[in-house]
Amino acid sequence: MSLHNDRPSDDWMDAHIEAYVDGALSPNDQARFEAALHADPTWQDEVKHARSIRAYLRSQTPPHPPADLTDAILKRVCVSAPPQKKK
């Protein structure tokens, strides 16, 4: 398949949309993705949707873990870990 002459499959576009929104595609993949975007309004809508989801998620306050979370995890690890043999 040539890089710019053939339209990428929907599977390829779907697999690369997040990287496109993040600006993480290689120059060749970005050009391929953008060529498909210009040819298909459906993918333009998908990119707008992905960007709006990303913006919404970035606007949210991350949850704060309970203060005793680290201690609780360490207790569980220590209890379930087999005893080590002394050399």
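Yes/no matrix, rows are residues, columns are (1) without any contact (Cβ under 8 Å) to a residue 60 or more places away in the chain; (2) surrounded by 10 or more Cβ atoms within 10 Å (Cβ to Cβ); (3) touching a strand residue (DSSP E or B) at 6+ places or on another chain (Cβ under 9 Å); (4) part of a loop (DSSP other than H, G, I, E, B):
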position: Ala35; (1), (2), (3), (4): yes, yes, no, no
position: Glu46; (1), (2), (3), (4): yes, yes, no, no
position: Tyr56; (1), (2), (3), (4): yes, no, no, no
position: Pro62; (1), (2), (3), (4): yes, no, no, yes
position: Ala67; (1), (2), (3), (4): yes, no, no, yes
position: Leu74; (1), (2), (3), (4): yes, yes, no, no
position: Gln84; (1), (2), (3), (4): yes, no, no, yes
Discussion item. Testing Ala24 on (1) more than 26 Å from the chain's Cα centre (by Cα); (2) modelled with pLDDT of 90 or more; (3) not in a helix (DSSP H, G or I), one condition comes back false. Which one is that?
Written reply: (1)
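The values are calculated or read from the model by the stated rules, or taken from the named source; none is laboratory data. The structure presented is a predicted model; accordingly, all values stated were derived computationally and were not measured. Ideal geometry is used to build each Cβ from the backbone, glycine not excepted, and the neighbour counts take in all protein chains shown.
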